[in-house]
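Structure record follows, encoded as structure tokens.
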Amino acid sequence: RFGLREFALITGLRCHEIPDINHEDIKDGGQLKGVYFENLKTVTRQYLNVMFNISTAGTYDDRIKMAKLYFLESFLIPKQECLSVDWDNIIMVDDDEVFDGYPWGRVAFELLVDFMNKVVCSKGQTVFSSFLKQLEVSPMLATPDEVKKTYSKKQRMSFERTRILTT
């Protein structure tokens, strides 16, 4: 079975319980929002992408925060049905301790399960009883001998370092 524990082991992301975040406790909370997203009712991922690409004018800290937010919203927890960025995430990114310690792995896992339930499963079924059994990962270190047996010379030339293969 592929559950939260396995997801945490494979990704290395924090997957503990999601805490309640009090905005007053966030150090500099809303500073990035005030500088880059002032007067906006919502921030779309497309707008975040634009701000990320032109944020070279801001401070070094702002560029780091923008990169963290962009990575989070574009790669780690992209939402299919929602194109807007969560204001809580924009506020949390101002506090490194809160943002970096947040259980983004659990958030990503829950989004994965919700997505799989919506797309793959029919009524009465759940991801855990059917689909995720197929997602079991068997990591195997790709040794040079195995690579030679499995791939042509042309394919091997494209490999620059050891890879993890799944079955």
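Readers should treat all values here as calculations from the given coordinates under stated rules, not as data from a laboratory. Please read these numbers as outputs of a predicted model, since none were measured by experiment. Every residue, glycine as well, gets a Cβ built from its backbone with ideal geometry; the counts of neighbours run over all protein chains shown.
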Among the residues in region 94-117, are any crowded, with 19+ Cβ neighbours inside 10 Å, touching a helix residue (DSSP H, G or I) at 6+ places or on another chain (Cβ under 7 Å) and within 13 Å of Tyr36 (Cα to Cα)? yes
Count of region 69-88 residues which are buried (at least 19 other Cβ atoms within 10 Å of the Cβ) and under 18 Å from Ile21 (Cα atoms): 3
Suppose we filter Leu32, Leu9, Leu4, Leu83 for residues that are in contact with a Cys (Cβ under 7 Å, 6 or more places away or on another chain) and among the aliphatic types (A, V, I, L, M); which single one remains? Leu4
